[in-house]
1. What share of Cα pairs, in percent, lie more than 26 angstrom apart in the stretch 4-137?
2. So who's got an amide H within less than 5 Å of the one on TYR359, skipping anything under 5 residues away but keeping other chains? H placed 1.01 Å off N, in plane.
3. For the chain, what is the Kirkwood hydrodynamic radius in Å, using each pair of distinct C-alpha atoms?
4. Which trypsin sites (Lys or Arg not before Pro) in the stretch 223-323 sit in a loop by DSSP (not H, G, I, E or B) and have at most 14 other Cβ atoms within 10 Å of their own Cβ?
5. For a bin width of 5 Å, list the pair-distance distribution of the stretch 364-424 built from all Cα-Cα distances, rounded to whole %.
6. Lys and Arg at +1, Asp and Glu at -1: add these up for the other residues within a Cβ distance under 12 Å of GLN301 and post the number.
7. Neighbouring Cβ atoms within 10 Å as the yardstick, rank SER363, SER418 fewest first.
8. Rounded to the nearest 20 Debye, what is the dipole magnitude of the chain about its Cα centre when Lys and Arg each give +1 and Asp and Glu each give -1 at the C-beta?
Amino acid sequence: MKKDKLLLVTLNGRYHHSSLSLRYLLANFKLPNWDATILEFTINENGRAIVEKILAECPQVIAFSIYIWNVEQSLAVIQLLKAIVPEVKIILGGPEISFDSEKHPLFPHADFIIQGEGEEALPLLLQNLNNSPKVVSAPILDLSKIELPYELYSAEDLKNRFIYVETTRGCPYRCSFCLSSLDNKVRFFPLEKVLHELKKLMDRGARTFKFVDRTFNVRSDWSIEILKFFLPYSDTFLHFEIVPEILDDDFIELAARFEKGRLQFEMGIQTFTPAVARRVDRYLDEAKLRKNIQKVLAQTQVHLHTDLIIGLPGETREEIAKGFNTLIHLKPHEIQVGILKLLPGAPLAKLSEEYQMKYSKQSPYEIIQNSTLSFAELQKFQRFARYMDLIINRGNFPSIKDLLFSNENPFEWLWKFSEFAYQEHEQTFAISLDKLAHLLFCFLGESEEARSLLTQDLLQIPGRTLPRFLRTDLSEQQKKEKSSLHNKRQSKA
């Protein structure tokens with residue numbers, strides 16, 4: 001008997017990303033009359049080419065996994081599919097469409113929407129297509145009954161893509177800007193089963209694991225057992241999301257036994273302003289936060305990535321600057337400055353009127369102004385975040401980074417540089433390493449100290465040669481021909 005065809009489809013942000021959610025759906029799909037297949041694309045692929053590949057599979061039903069990064073591209077693909085094969089049923093799921101579904105731009109183009117976890121809901125929907133409501137609310141699942149999907153990572157995935165894994169679902173916190181706050185009961189997968197599947201992955205060659213647990217250290221005994229499991233495997237790399245305030249000494253001491261390059265902790269600080277943290281229902285204990293970050297940096301070789309959010313309700317530029325300086329003086333390895341987003345269904349929406357919060361209607365739904373930050377100021381913060389990432393996080397300018405970390409007011413230093421760089425370059429993209437070095441050199445007054453620092457930084461990069469503006473061996477004629485950025489701009493006037 002011929003089986004009906006189900007395609008599980010998503011558009012990943014990049015090729016080296018992989019969809020854990022689709023693999024969960026396939027691992028738990030047991031309908032004998034259906035044949036299910038995963039198709040993964042990227043948001044940069046041509047929409048018509050994607051549709052061509054989908055239709056070549058002759059599906060009766062297509063289930064799309066929708067996220068904030070693929071909304072617009074998925075909409076274009078779905079509209080084209082509906083124009084060509086209107087009889088094919090379209091099912092949508094994922095965090096982007098699970099809340100306020102009826103208001104979402106994809107809603108009119110879907111036949112069905114699954115809100116929440118789809119492992120059990122999708123097969124039940126397919127068995128009841130003719131009698132199902134358009135919006136299906138999936139129940140919270142017992143994780144001990146779910147099949148883990150890690151066998152579905154292919155050899156190509158293991159070689160070329162991030163391997164995403166999880167040991168828990170849910171989050172104990174209620175941060176109003178995060179959808180995880182809506183599922184604030186943490187559920188745990190059976191530990192023995194998780195470790196067994198991780199061992200099978202490693203036996204197949206997997207060595208890089210990105211854990212998607214919202215709070216990996218929510219239970220220290222749990223997270224310690226997982227770290228202990230990986231400790232003997234010296235060639236593994238592990239990425240976790242960690243809440244710094246609840247780190248304990250046993251966890252830090254175990255992390256200290258891992259060699260450099262094996263562990264990365266991502267810590268969502270978001271704000272150092274107590275009133276703002278309370279306003280968005282976020283846990284903040286600055287004393288514990290500082291203490292534990294300092295312990296991690298002093299006692300371990302963990303690579304520490306930290307996050308701040310710009311645009312939180314009522315937070316002023318001065319408060320943001322103070323928090324940024326506090327964080328940068330702790331000297332984490334990376335600082336990501338993100339712009340606040342209003343995710344569909346997030347409780348943050350309740351503060352919009354009081355704090356005059358206006359958001360873009362297009363994904364990723366970033367804030368464009370509020371009661372304390374104008375549109376123009378938020379534009380400047382966008383540029384600040386971009387230039388800060390290029391200088392601090394990319395690892396190309398360690399001497400400049402040290403100079404910045406030792407500055408009394410690094411926020412204002414970076415702010416002034418981002419303003420200068422944007423005035424000179426007029427964009428924040430397509431900036432070569434030499435261009436960025438030139439911008440820094442001019443900003444620092446073309447001094448000999450700046451020349452020495454930038455020379456040191458560029459020459460530590462394998463294969464790099466010094467650009468002309470940093471060389472001291474030029475002839476007098478070449479020096480005269482060398483013009484600064486200011487002169488170039490003046491010559492265009």
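1. 12 percent
2. The answer is ILE368.
3. It works out to 25.3 Å.
4. Those that pass, being in a loop and sparsely packed, are ARG257, LYS260.
5. 4, 17, 24, 23, 17, 9, 6, 1
6. It works out to a net charge of +2.
7. Working: SER363 20, SER418 24.
Going from least to most buried by this count: SER363, SER418.
8. In total the dipole reaches around 740 debye.
Read-outs throughout are calculated quantities, based only on the coordinates presented, and are distinct from any laboratory measurement. What you see is a predicted model; the values in this text were computed from it and never measured. No Cβ is skipped: glycine too gets one built from the backbone with ideal geometry, and neighbour counts run over all protein chains shown.
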